[in-house]
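Visitor: Structure in structure tokens, see below.
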Amino acid sequence: MYRHIVNPGIKKGHINPEIQGHFSEHLGRCIYEGIYVGEDSNIPNVKGMRTDVVKALKEMKIPVLRWPGGCFADEYHWMDGIGDKKDRKKMINTNWGGVVEDNSFGTHEFMELCSQLGCKTYVNGNVGSGTVREMSEWVEYMTFEGVSPMSELRRKNGHDEAWILDYFAVGNETWGCGGNMSPEYYSDLYRHYQTFVKNYNPDKKIKRLAVGPSDKDYAWTETLLKKCFERAGSWNNAHGFMDGLTLHYYTLPYDWSKKGAATGFNEKEWYMTLRKTLYMEDYINGHSAIMDRYDPEKQIGLMVDEWGTWYDVEEGTNPGFLYQQNTIRDALVAGINLNIFNKHCDRVKMANIAQLVNVLQAVILTEGEKMIKTPTYYVFKMYSAHQDNELLESMIDTKKVGIEDEYMVPNLTESASVDMGGKIHLTITNLSLDEEAMVESVLLGESVKGVTAEIVKGKMDAHNTFDNPDEVKIEKFSNISFKNDKIRYTIPPCSVLHIEAEV
Ligand code: AHR
């Protein structure tokens, strides 16, 4: 029996819904086909946005969406994506397959999409090939309500009211595709560019994000924070101009030269993948420790704005489109990471899985008019119960499972929270390929009055296809009982479980 201790008396922080955020780039079939089909399409749509996709994402409670990239952001010139569609400039998408980008999805379309989804907006600006003026005018175009050249242009293009821009990032991966910059150089650029990301709406300040590190690049974090906090203590204190620092970390079973297959993998690759995904916690700890020295009050969020699995593309698909299937292994990756983000909610204020539709660890795949929800989708849907809750102190007994020493992992991970109505939510993942686990969750000092539970489970590479769309889905879980402060259940191997307890 594995003991899972939850202490409702100790609240550890607020779980920002944005921890369950998403990312949509002009990459492959994410935006075009996956989300936006245009108003003249035979696929049912509202103002060009696929009705089926929007409905599914709303049901999943998508909290925030990042756009337009990724690497694409640093070659995107926003003015090419406004005005009459037939006059919009065409460009080459150099990062992703060299295809023609016709700019038919631009700022107005992104804001329309977020309004249909009812989610927050996160726009990524162009530092790599854009000017300060271009960035500054984009923000003015989106958010200025009064009379100005950019707000007038927005009105001319059919949108009177300013939009709410929740998050704005000054570049993307500026250490790589966003300009191959040194941390010293980018730190100066960040200080410079963000100065002109003006807050026109005093009631709704834009959260400004600096490009942070990848993986364990602690030197980047240290240099950036040092340079941004230099001459601190007055109006130019970095607290005044940085609300978040981004972190990118992808889970690859192998490495960048051979990533590994999305389906048909073996048992060793299952554990390799889960071992790699658990590094996320090490990286969050490492970067948080540096941030704690500069920002002990934790005013600056760590925004994990790209994460997820990255496999070899599906055979026969464009290598630049990053299209991959999504299995129970991905469900575990999602559940493990969302538990990690919950546990670090004092520092992690946003996270955006890559990417929303048809790219990398997508929650949705489409083929023409068909749409399927992936195992990752169902995990996000279950975990939405944690959004806006208070994290509870919790811990669980585990044992190591795996195949070789190098790829041993704990068999269980968990997190626990309490919602506004007082219900307690537990999410538990079983990483073992073949062993179920009997668990006793003890809710200290509480008397459990009722439980409901739901689960995503299956064989290690179980997945949904367009012919068999319901192979993996959320199922009711009834192998559970409760008495006094205890809940007992047997969690099957390869599964992600959500328990809601009334106390
Ligand atoms: O998500 C795919 C790519 O991965 C993004 O464009 C880039 O930021 C990262 O390297």
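Visitor: Output the qualifying pairs, or none if there are none: Cβ atoms under 7 angstrom, residues six or more apart or on different chains, first residue in the stretch 159-173 and within 17 Å of TYR185 (Cβ to Cβ), second residue more than 16 Å from the ligand (Cβ to nearest atom) and not in a loop (DSSP other than H, G, I, E, B).
Guide: VAL170/TYR190; VAL170/TYR193; VAL170/GLN194; VAL170/ARG208
Visitor: What helices (runs of 4 or more DSSP H) completely inside the stretch 51-154 contain at least 3 residues that are under 23 Å from the mean Cα position of the chain (by Cα) and within 30 Å of HIS386 (Cβ to Cβ)?
Guide: 51-59, 107-117
Visitor: Also, I was wondering about something else. Any residue at all in the stretch 46-57 that is on the phi < 0 side of the Ramachandran plot, within 16 Å of the ligand (Cβ to nearest atom) and assigned by TED's automatic domain parsing to the domain that holds GLY244?
Guide: Scanning the stretch 46-57 turns up no residue that is on the phi < 0 side of the Ramachandran plot, within 16 Å of the ligand (Cβ to nearest atom) and assigned by TED's automatic domain parsing to the domain that holds GLY244.
Visitor: Please indicate, with yes or no, whether at least one residue in the stretch 427-440 is farther than 19 Å from VAL496 by Cα and loosely packed, with under 14 Cβ neighbours inside 10 Å.
Guide: no
Visitor: Now for a different question. Give the residue that is nearest to the ligand (Cβ to nearest atom), with candidates limited to residues of the stretch 9-27 that are in a loop (DSSP other than H, G, I, E, B) and either within 14 Å of LYS343 (Cα to Cα) or under 14 Å from the mean Cα position of the chain (by Cα) (or both).
Guide: Looking at the filtered set, the residue picked out is GLU25.
Visitor: Just checking, how many residues over the stretch 241-255 are within 15 Å of the ligand (Cβ to nearest atom), in contact (Cβ under 8 Å) with a residue 12 or more places away in the chain and surrounded by fewer than 24 Cβ atoms within 10 Å (Cβ to Cβ)?
Guide: Matching residues across the stretch 241-255 total 4.
Visitor: Give me the pairs, please: first residue somewhere in the stretch 18-29 and outside the structural domain of MET91 (by TED's automatic domain parsing), second residue anywhere and surrounded by fewer than 24 Cβ atoms within 10 Å (Cβ to Cβ) and small (Gly, Ala, Ser), beta-carbon distance under 8 Å, and either six or more positions apart or on two chains.
Guide: No pair meets every condition.
Visitor: Only residues that are touching a residue at least 40 places away in the same chain (Cβ under 8 Å) and small (Gly, Ala, Ser): list them for the stretch 291-347, please.
Guide: GLY301, GLY308, GLY320, ALA331, ALA334, GLY335
Visitor: Just to be sure before I move on: is TYR283 out of contact with any Cys (no Cβ under 8 Å at 6 or more places or on another chain), closer than 25 Å to CYS228 by Cβ, of a type in the set (Ser, Thr, Tyr) and outside any helix (DSSP H, G or I) in the structure I sent?
Guide: no
Visitor: Only one of (1) of a type in the set (A, V, I, L, M); (2) exposed (fewer than 15 other Cβ atoms within 10 Å of the Cβ); (3) in contact with a Lys or Arg (Cβ under 8 Å, 6 or more places away or on another chain) is not met by MET420, so which one is it?
Guide: Single failed check for MET420: (3).
Visitor: Restricting to the stretch 165-177, count the residues that are farther than 14 Å from LEU247 by Cα and either within 16 Å of the ligand (Cβ to nearest atom) or not aliphatic (A, V, I, L, M) (or both).
Guide: Residues that pass the stated criteria total 4.
Visitor: Those residues that are away from the ligand (no atom under 16 Å from the Cβ) and over 26 Å from ILE206 (Cα atoms), I need them from the stretch 283-313; list them, please.
Guide: Once the filter is applied, which keeps residues that are away from the ligand (no atom under 16 Å from the Cβ) and over 26 Å from ILE206 (Cα atoms), the stretch 283-313 yields ASN285, GLY286.
Visitor: For residues that are farther than 19 Å from ASN285 by Cα and within 22 Å of the chain's Cα centre (by Cα), scanning just the stretch 186-230, find the one that is farthest from the ligand (Cβ to nearest atom).
Guide: By that ranking, first place goes to LYS205.
Visitor: Further question: Of the residues LYS86, LYS61, which is more than 16 Å from the ligand (Cβ to nearest atom), on the phi > 0 side of the Ramachandran plot and either surrounded by fewer than 23 Cβ atoms within 10 Å (Cβ to Cβ) or of a type outside the set (Lys, Arg) (or both)?
Guide: Step by step, each of LYS86, LYS61 is checked, and only LYS61 is more than 16 Å from the ligand (Cβ to nearest atom), on the phi > 0 side of the Ramachandran plot and either surrounded by fewer than 23 Cβ atoms within 10 Å (Cβ to Cβ) or of a type outside the set (Lys, Arg) (or both).
Visitor: Could you give me the residue pairs with C-beta distances under 8 Å whose first residue belongs to the stretch 490-503 and is touching a residue at least 60 places away in the same chain (Cβ under 8 Å) and at negative phi, whose second residue is assigned to a strand (DSSP E or B) and of a type in the set (Asp, Glu) wherever it lies, and which are 6+ apart or on separate chains?
Guide: LEU497/GLU454; HIS498/GLU454
The values are calculated or read from the model by the stated rules, or taken from the named source; none is laboratory data. No experiment lies behind these values; they were computed from the predicted model shown. Neighbour counts are summed over all protein chains in view; Cβ atoms, including those assigned to glycine, are modelled from backbone coordinates with ideal geometry.
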